[in-house]
């Protein structure tokens, strides 16, 4: 993936880079374009241990009512009700980078994401699956490809500010 920012701003950290220095305000959002995957929207967040390219993360932490923008690998927890994003780099603990929140996202899977289009579900450890689980559906997301496309344990999923299901349906 070679996303290039399309927002008219100078000095943007490249989309696929991670950095130990915070280069932008946490929560900053930009748009970028890739010649294969098209337009996408990205949010600048703080990383967490064990993040790989394509990890699905939550990011709605708060301290004394102030957003922290700290990520956590999305667990397979029913009715989580939190916003989700996709890591664009191996942005581990105490590092900063971009996470995709809209567009064609290359996501980590647990090896069982079927060919789409179809619903996707949290599989734990920052991964997605097409195996249905009560309260685990990822809202505003659908898969385009099966696991293995574009690479092993990855798939392409269309997202539009996705979130983990927050109620029993």
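The values are calculated or read from the model by the stated rules, or taken from the named source; none is laboratory data. Keep in mind the model is a prediction, meaning the values are calculated, not measured. Note that we place each Cβ from the backbone using ideal geometry, even for glycine, and neighbour counts take in every protein chain shown.
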Item checked: Of all residues in the stretch 79-90 being crowded, with 16+ Cβ neighbours inside 10 Å and modelled with pLDDT under 95, the one that is farthest from residue 134 (Cα to Cα) -> 82
Next item on the list: Look at residue 2 and say whether it is out of contact with any strand residue (DSSP E or B) (no Cβ under 6 Å at 6 or more places or on another chain) and surrounded by fewer than 17 Cβ atoms within 10 Å (Cβ to Cβ).
Entry: no
Next item on the list: Considering only the stretch 4-93, give the strands (runs of 3 or more DSSP E) lying wholly within it that have at least 2 residues that are over 13 Å from the mean Cα position of the chain (by Cα).
Entry: 29-34, 38-46
Next item on the list: For residue 122, indicate whether it is outside any loop (DSSP other than H, G, I, E, B) and closer than 16 Å to residue 157 by Cβ.
Entry: yes
Notebook entry, point to check: Is there a residue being at pLDDT below 95 and in contact with a strand residue (DSSP E or B) (Cβ under 6 Å, 6 or more places away or on another chain) anywhere in the stretch 29-36?
Noted result: no
